[in-house]
Every structure is written in structure tokens, then in C-alpha cells.
1. Tell me which residues come under 5 Å, amide H to amide H, from D352 once H is placed; ignore anything under 5 positions away on its chain.
2. Sequence-distant or interchain residues sharing an amide H contact under 5 Å with L7, placed H: which?
3. Can you say what percent of the DSSP beta bridges in the stretch 7-471, counting only those with both residues inside, are antiparallel? Round to 5.
4. Calculate one ³J(HN,Hα) per residue across the stretch 143-153 by plugging θ = phi - 60° into the Karplus curve 6.51 cos²θ - 1.76 cosθ + 1.60, and present them in order as whole Hz with x for glycine and proline.
5. Taking the alpha-carbon set of the stretch 84-168, what are its Rg and Dmax in Å?
6. I want the local charge near Q368. Using Cβ-Cβ distances under 14 Å, sum +1 for each Lys or Arg and -1 for each Asp or Glu among the other residues.
7. With a probe of 1.4 Å, find how much accessible area the chain has per residue, and write the answer as a whole number in Å².
8. List, largest first, the extents of the alpha carbons of the chain along their principal axes, each in whole Å.
Amino acid sequence: MQQKQFLWGGAVAAHQFEGGWDQGGKGPNVVDVMTAGAHGVPRQITQDIESDQFYPNHTAIDFYHHYKSDIQLLAELGLKCFRTSIAWSRIYPNGDELVPNEAGLRFYDDMFDELIKHGIEPVITLSHFEIPLHLAREYGGFKNRKLVDFFERFAITCFERYQHKVKYWMTFNEINNQMDTSNPIFFWTNSGVKVEPGEDPQQVLYQVAHYELLASAKAVIAGKKINPDFHIGCMISHVPIYPYSCNPHDIMAAEIAMRQRFFFPDIHVRGYYPAYALKEFARRGYKLDITAEDLTILKQGKVDYVGFSYYMSTVVKADVNNDNDSNVVNGALPNSVDNPYIQKSDWGWAIDPEGLRYALNRLYERYQLPLFIVENGFGAIDEIDSKHQVHDQSRISYLNAHIKAMLVAMAEDGVDVIGYTAWGIIDVVSFTTGEMKKRYGVIYVDRDNQGNGSMKRYKKDSFDWYQNVIATDGKSVYP
Ligand code: BG6
């Protein structure tokens, strides 16, 4: 994979920033029926779009109508690349049509043209929690094999249309989020799936996973035929799991828990099911719909690079019941415990820059493919003063420490990293909580949790800081 320059960038996702949810022929997607929540208050998935509910993603930050001025700001920041996603339901409003929606295609043509005009490389995720609602309701989302064909058609439409504008692609955003089957939101947003009474969530997960991995492999195969210069990657959420102690039982507990992180990329990268997964299917007696032809396709549709998000690390302990575990936390894993060495954000996310260096090393050792950090950032409450200034020193400190950890991994450990895109480069609607007040951007957007505000954009202190990082190619952080 040849690349001229390190891809310093910023990242967002269509549903979190575009707005225009019903404009230009777009159909509703699974996030369009999600209300707002808060830290500890889950978002609700409503049956339909209900007039007395507030849906924060419907308007988001209205990039749909601000894209030219927003891209102008990103250019001033000096971005080399910009990661966003294509809203599937803008291109295929219901998802099962044969003919795409021309107005939706044109919107992305205009956006890409604008980026390219400013020398910014688009980095595009095909599916970032944006499955058309119709596919979830009528087909049961990715529980249904038909979704593989619908996704392939959507991917081919995008690849053909934008083949001369977009080189870097990813298939499914944070495809492994849904391994946490205890949280219904992840199944819904990743896959348009609801687990019905009587279904075994774990079995549903593995069937859904197979269809998505197959859809991803088919997209890779089709994309390479359309343009052999495409770089098509996977995208995983990578939260390293540390053992609580050097007790060998803790070490092994962490090792086994890490399969939750590695299951998807193992198949995306290697093109076959890992032995631990096959053993698990057999142990649980799962008969999955996986054909011999599917297995051939998985082998042929391997990814070119591993894209991943990194926000935090976590810890597990083998036996959380045996002593006084005051530090047991309500994590995604049943045996999660607090890490006494690490501070947390207001949303309880552990701040661990060293964990990024650790993650880069583990992923690179395991896959030997270029890595792309496509999300990293600090969600925090920002105060804007009367001069419209935001002094977001804690964000600068977070980003500085993580970028430094990445540069050390590259310079001292020899990890091949092709780029870094800071998450929510402009404030967007939070995915997990639907709030605006959980802000990540270096650009402030005047909009609140209830949807009030002028929508005006203001540069935060972190804007100047990141501009300098990019201008010095990271030397301002790690000389
Ligand atoms: C990742 C997602 O999970 O983390 C993004 O890919 C999301 O869509 C980001 O916004 C940060 O999460 P949150 O909930 O703080 O917005």
C-alpha cells in the first residue's frame, strides 16, 4: 500500500452530523427512531417517528446545509483527510430498491468535490450505524441473508460512482460493538437487529456476524474489480482488556476476553474462522448458516488495512466474587473491574494513552497490516465564553498524549500507521447518549441537547493546537 503522506485527519459519521434526515429523497434509518439519552440513561428506540419525541440525529449539526463552509474550516485546520460515512438510506431509501436515489448520490459528489478542491482526501465508511429502517423492520436486519445482497449492491453503487474521488474505504464501522449482546442499542445500530423472546442472543450474534463478514468480503472483491487502487479496510472498536494482576487466572481471563475484540478482525484479515470460534460454536451446539461458497468468499475478500477506534482500555479479573471487590464496575464484560492507575472522563471512559501504544503493538503483531486510527478523542463538556472562546485544555492534553503514544509506537516499535483521524473533529451528536453536550470537536457548534442554538461554528483552543500538529507533521508533539 503506497502512500505519500501521513493522513492527519478528522472523523465524523453521516447520522451524527449531516441532519437533513428526510431531505433529497433520503429514507429513515435505524438511528432516526432513536431518542436522546444521557450518561446512564439509555436512548430509546421508538416504533415509528413519533411527533412528541425529540430525535437529535434528524437535524444533528446540519452539515447537509453547511457543508461548504464546514469544509472551508477543515481546510483551514490543514486536514489531509476527512473520514465520514455514506448514509445508506440516502442512496437506497428503503435499502431493497434496484435503482439508487440520484439526489443522494449527488450530495456526496458535491461533498467529495469540495474536499478534493481543498486537497483533503475523503476516507469513507460504507455503513456507520445507518442501516435503512425498512431493512430492519421488514427483513429483521442482518439476521436475514438477503441483507448481504442489499449491502453488496449499495457498496457497488458507491464504488462505481466515486471510484475517481475516493480511494480509502471501510465496510462496517465498529462491527464488533455488538459482541456486547447485553446492550440492545448495539445490535440495532450495527445490524438493524432486535433479539426476539426465545432467541439466544449469542447465536443471533454469530449468524449476524457471518452475514456481515460475508457482505464485507463481497464488497472488497467487487471494489477491487472496480478500482484495483482502492484501499479497503475493516473498522473495529479496540478497547484493550488488561488482566487485573499477574495471577495466571487473570492473565487467561483477559486473553479469552480479548477474543471479543479479535473475532471480527481475525476473519476480515485472515479470511477464515479462528479455531477458538469454531470450538465455541461446537460447544454451544450452534448450527449456523455458513456455506462452503461463503468460506471461499471470505478467503477472497480480505481487507487491506485495519481501521480502528481507540478511546479507552478496560480490566478483567478472573474471579470477581472471591474477595471484597469494591472495584467491580458495570462494564461491558461480566468481570470488569476498575483500573486504579487510570483517570476517567465525565462519561466514565478510562483515559489511557499508553493503552494506545499497547493496542497498536498488539494489532500490528497479530495482523501485520497497516493500521489506521480512524477514531480517538475526548468527549467533554465545553464552556463557551462571551467572546466565543472555548479553552479546552483537557481535550488538548488527551489528544497530545494519545498522538505522542502513536508516534512512539511508529518510531520506536516500528508499527505501520497510515493515519490518525480525531473523532468528532467538529462537535456532533454523541452516538451512545444522543447528547450534544458530550463534545469532541476542535470546532464548537452552538446547539444544545434540546436542539436549541444558532448552529454557528467557533474555533476552540484545540483548533490552533491541532493545526500546528498537522503543520509540523507531529513534531510539535514528538520531535
Ligand atoms: C464510536 C463510534 O463508538 O465512538 C462513534 O464509532 C461515536 O459513532 C464515538 O460517536 C464516540 O462515542 P460517543 O457515544 O461518545 O459519541
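1. S313
2. Residues meeting the amide H criterion: G419, Y420.
3. On the way: 11 of 47 bridges.
Taking every DSSP beta bridge within the stretch 7-471, about 25 percent pair in antiparallel fashion.
4. The phi angles translate into 5, 9, 4, 4, 4, 4, 5, 5, 5, 4, 5 Hz.
5. 13.2, 42
6. Numbers: positive: R270, K302, R362, R366; negative: D266, D304, E365, D413, D416.
Local net charge: -1.
7. Values: 18860 Å² over 479 residues.
Per-residue accessible area for the chain comes out at 39 Å².
8. 60, 53, 51
The values are calculated or read from the model by the stated rules, or taken from the named source; none is laboratory data. Here the structure is a predicted model, which means the values were calculated and not measured. Here the Cβ is made from the backbone with ideal geometry for all residues, glycine too, and neighbour counts use every protein chain on show. For the accessible areas, the whole protein counts, side chains as well, though only heavy atoms, and no ligand, DNA or RNA atoms are used. Shrake-Rupley method; radii C 1.70, N 1.55, O 1.52, S 1.80 Å.
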